[in-house]
Each structure stands twice: as C-alpha cells, then as structure tokens.
1. I need a count of the residues in segment 191-211 that are in contact with a Lys or Arg (Cβ under 8 Å, 6 or more places away or on another chain), of a type outside the set (Ser, Thr, Tyr) and open to solvent by 10 Å² or more (accessible area, probe 1.4 Å).
2. Right, Asp188: open to solvent by 20 Å² or more (accessible area, probe 1.4 Å) and in a loop (DSSP other than H, G, I, E, B) or not?
3. Please go through segment 268-306 and pick out each residue that is surrounded by 21 or more Cβ atoms within 10 Å (Cβ to Cβ) and β-branched (Val, Ile, Thr).
4. Restricting to segment 380-435, name every residue that is among the polar types (S, T, N, Q) and open to solvent by 40 Å² or more (accessible area, probe 1.4 Å).
5. Check Ile332 against each of (1) aliphatic (A, V, I, L, M); (2) touching a Lys or Arg at 6+ places or on another chain (Cβ under 9 Å); (3) open to solvent by less than 10 Å² (accessible area, probe 1.4 Å) and name the one condition it does not meet.
6. Name the single residue that is surrounded by the most Cβ atoms within 10 Å (Cβ to Cβ) among those in segment 335-359 being under 43 Å from the mean Cα position of the chain (by Cα) and at pLDDT 95 or above.
7. Here are some residues: Lys513, Lys492. Which one is open to solvent by 70 Å² or more (accessible area, probe 1.4 Å), at pLDDT below 95 and touching a Pro at 6+ places or on another chain (Cβ under 7 Å)?
Amino acid sequence: MSRRRTVAQATGARGVNYASSPLLASKTPPWRSKFVVAAVGASFCVLLGRALYVQVLEAPFFQRQGEARYARTIELPASRGRITDRNGLILAASVPVPSLWAIPKDMDPDPAVRARLARALGMKPRELDARIGDSQNFVWLRRQVDEPLADAVRALRLKGVHQLTEYKRKYPEGEAAAHVVGFTNIEDRGQEGVELALNKDLTGRNGSRRVIKDRLGAPVEEIGETVPPVDGQDIELAIDSKVQFFAYQRVREAVTEHKAKAGSVVVLDVQTGEVLALANYPSYVPGERRGLAGAQLRNRALTDIFEPGSTMKPFIAGLALETGRVTPDTVIQTAPGHMTITGATITDAHPHGPLTVAQVIQKSSNVGVVKMAMQMQPREMWELFSAAGFGQRPQIDFPGAVTGRLRPYKSWRPIEQATMSYGYGLSASLFQLARAYTVFARDGELVPASIVRRQGEAAEPVAGVRVLSPKTARAVREMLHMVTQEGGTALKAQPMGYTVGGKTGTAYKQEGKGYSQKKYRAWFVGMAPALNPRIVVAVMVDEPSNGKYYGGDVAAPVFANVVQQTLRTMGVQPDLEVRPQIVARALRSEEESF
C-alpha cells in the first residue's frame, strides 16, 4: 500500500490526472475514424492510379522524356557523290568543313564577350545579336566556314558555342564548267545543272547512332546499333574538261572582242552522241554565288531559242536530193538576186546568177533555197525538220532544255514556207541545232545525245535514227565542206590540219512582233574531219556590236579553234596539209545572205 501511495504521490507531483482528463473522457465521433480510413484508402488509390498511369498507360512517353535528358541521336552525315569528267577529273566533290552553332540560353550575356565572338565570326555585334534574336535552344552562327575561322572561335572557349562537321561542295573547274555541273544549296541539295538533274543519284542516306551524354553534352556511352551512312553515287559525265575549258576560253574571247552580249559553244561526239563540251559566257563561280543575275545562271545553249537562219538551208538541199528533185549539179537561176512571194520580197546579199545546188549552199543564196523549197509540199519540210529534232525537247538528263517552235504545216502560208527554208519562222536552241547536224555527220542518222558518259560504248557508235540516206548525207556534207573553201561564206572556219564542213548563220534578233535592224545573232555549225566526222561543233554569239556580225566573221573563228583543240585532245590525226591553208587564210569569205 505504501508503494501505491508513493506512485500516486509521484503522479500527483506532475499535476496530471489522466483518469479524470475531460479530453480522454469524451467520446470520439464514429464518422471521424471512418473519414480517416477513407482518406488513407483514397490516397492509396490515387497513388496506385498514378503509378498505373506512369508505369503502364503512358510509359513510352515518360521513357522518352527520361531519355531526352541523357540520350541523344547523333546524325552521321553521308557524303554527296562526286561528279567527274570522262577522264576521272573531279568537277564537283564534297569536303568536310566546320559549322558553328550556339545555345543562346547557355551563352555569356556580357557584351564584351559577345563582341569578341562577333569579331571572330567576322560580324558586327549587332549582326550577332540579330542572328541570336529570341532563340533559346539553338541558332546557327556560321555554316561551312574555313578552318582558320573555326579555330579562332574555338580558341575563345566560350560557353554555349559549339561546332559540328558538315559537307561543303567544291568545284575545281570553276566558271568554265559551271553551267554543266551547276551547284547545291547549303543543305546540299542540287539547284542547277547536273547537281539538280541527278540529285537523287548524288544524294546519299544519312546514318545515325544513339549515345548517352553527360551534363556538358559530351558522349560517354553508345546505346543501340549504329546505322552507317550510305554515300551518294558518283557520276561520270561525258564532258572532257580540257575541251570544256578551251571552248569556254574561246567563246569568252569572242564575246569580249566583238562586244557581244553572250556566247555559247556545244561539242558533240558524232560516234557516241556524248556532249564533250557545253560552254556559256557570261558564267559564274559555283562556290561564290552572291549577287548573281539570271543572265549568268542561264545555260543559254539549252534554254535560249532563236531562229536558226541559214543553218537550215542544208536540210532543204538534202530533202530536194532525197526526193530526186535535184542533184548537186542541178543549176538554179538566182538572178536578179531577189524574188517576190505573195507580196513579200526575198533577197540575196548580192546577185549570183545561175548556181548549182552545191553553190547555193556554199554561197548561202536565199533565192536558190526558196526555189527548191517551193517545189515541195509543206508536210515534207515539216516531217524532215521534226525528224531532225526541231520542235521537240532534247531527250537529255539536264534541266531547262527547251522544245523550240515548229508550227504545224497545215497553218503555213506560202511566204512562211519560203522563209522557213532559210531559217525564219521556226526556232531552236544551239544544242538542238548541233544535234540536228549529226544527220550529216553520221551519214543520215540523228544521234541521241547524252551528258553522262555511255559506259561500255566508247568504242562502238551508238545507234541513231535514220533521217536521210547515206548517199544524200554525204552529198550535203561535201556542200558544207565547200562553205569553208574559196568562194564560201566561212573561210575563217578552217583550222590548221583538219578538213571541216559547216554552215554559217546570221539573223536579225526579234523585238516584239518585228525584227531589230541593229541587233544580230551570229553562229556557225559544222563537223570535222569533213570526210569522216568525229565531232560536231556549234558556236553562237549574241549581239556582236563591234562592227562585225556575220557568222563567218564572228562565230567561225571560234569553231576553228575549238575543232583544232578537240581533235588533238581526242588523238585524231590531221588529214590536211598546213601549207595550202596559209594561202586560203588570205582569201575573203563570201558575203552571206540572211
């Protein structure tokens, strides 16, 4: 008992009587315990639902979000295919170059730091600020820069500034081959020329690899399989770089000498139909395209059309021979040097009197050709022109090749039939004209042209489409050879060491619905060697304005130089002695009718 008293006294000493506490004595409401149990149960249900949502229903989303914090897919860029000439010389190739980018939110906002970066990038500070703008996560600073510039930026060791490797296109042949090769944009997609025409073949397929990166963005571990890049296909063109460069030089010199607006040269291999050269001036440097105008970008040999003038006369002579209406020695009276058809007068440069069919072509007589043409039905002329490729788009893997214009024969009036016989009333590109002349060079066959080298066919002639008989084609070829001899209109077309044949052309330029009397186009189309042609060369000079404008004076010398260089490059042996040519060069060409 004394022990209980002691405990009671101790309890009383603390001043708390739990047995008599009103708080403990009061009864707890029944709903309170139920509420607590329900709340705990509901909490468990919410947590269970959230776990189900995160772990099951939206698991892929949260996995992606998690990976985004540490895993990255790095693109492995593919190299674009190379473009080479027929001898393997590189015309276009991709080289790795650095590109600079930044994460603006990680960059130092100090103006002095930004100014140093701007100087290294070759910019003004306000240009850099404008480029960054409101971007937070990514912005290009400079793409495809030189190594010295990239090294200068890297040496600054600036936070938020990064570098990666891209591929940049290089064009070793520059402006000489610009219109053939074309160029790509900064995303490595073809924009002009072969780069555009064969973009699908040249473009590779990028690869990729998955990596884990640390907080500084450096890869620390690979995850998954690496997909290797597939490089683009290499393209071998039919172009010969030596011939292309020489043709470009000669047409550039002619345009400069005659104060012309532009010029073009096309060189075709007669046996294979391959394009050995396709040169235009003015041109551009594919890697430096700031401030370019459409006149520089335009591939005039394929895109510009013009009335071919006197270069159509051999086709009329060929048709007259083919149908048996004339022979090369048939005499046609061209006096008094003019004739009238339905009120319109057709004239020669000066009266010739009686001429054989061969001499009509040699001296380029409008009257003589019209008299042959008016013996024919319009349908016959139209069918021959169509068979030679006029009025049809060339089947060549190249963008911008035009169709030209050849109206249906049923709409021709007599005067239109007459003017079409000497090249007015229809239109064609220089490329179409060059290809049409393969009919005479290949014994009557029209050869299919190709800008890409024909694999395995270099030793054998490609099959052509029969347009004229071999006998007729050879007869016309002999007439074209006479054009470059004494009494012809193109003595300046004769190169050293090789026989040639061809036809001059001079025409007034169209302006609105009429013709300008002060603007001309001059051209020459021919083949060499004359007896067994290997090449066809077409030259056009637009708006010569330095006193000379005839095709025999302006375009024929370019033809002679290009022929001589091309045949030497191809290893074709000379078939003509040099001494007689020195005498011939002192003679004066016949004045051409146009």
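The values are calculated or read from the model by the stated rules, or taken from the named source; none is laboratory data. In this text, all values refer to a predicted model and were calculated from it rather than measured experimentally. When we count neighbours, we look across all protein chains shown, and the Cβ atoms used for this are built from the backbone with ideal geometry, even at glycine. SASA here: full protein model, heavy atoms, side chains in, ligands and nucleic acids out. Shrake-Rupley method; radii C 1.70, N 1.55, O 1.52, S 1.80 Å.
1. Qualifying residue count, segment 191-211: 3.
2. On the way: open to solvent by 20 Å² or more (accessible area, probe 1.4 Å): yes; in a loop (DSSP other than H, G, I, E, B): yes.
Yes: the conditions hold for Asp188.
3. Val270, Thr272, Val275
4. Initially, segment 380-435 is screened for residues among the polar types (S, T, N, Q), giving 386, 392, 395, 403, 411, 417, 419, 421, 427, 429, 432.
Correct list: Gln392, Gln395, Thr403, Ser411.
5. The one condition Ile332 does not meet is (3).
6. Val357
7. Answer to the check: Lys492.
Residue by residue, here is whether (1) not small (Gly, Ala, Ser); (2) not in a strand (DSSP E or B) holds:
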position	(1), (2)
Glu478	yes, yes
Gly487	no, yes
Lys492	yes, yes
Pro495	yes, yes
Thr504	yes, no
Ala522	no, no
Val539	yes, no
Asn561	yes, yes
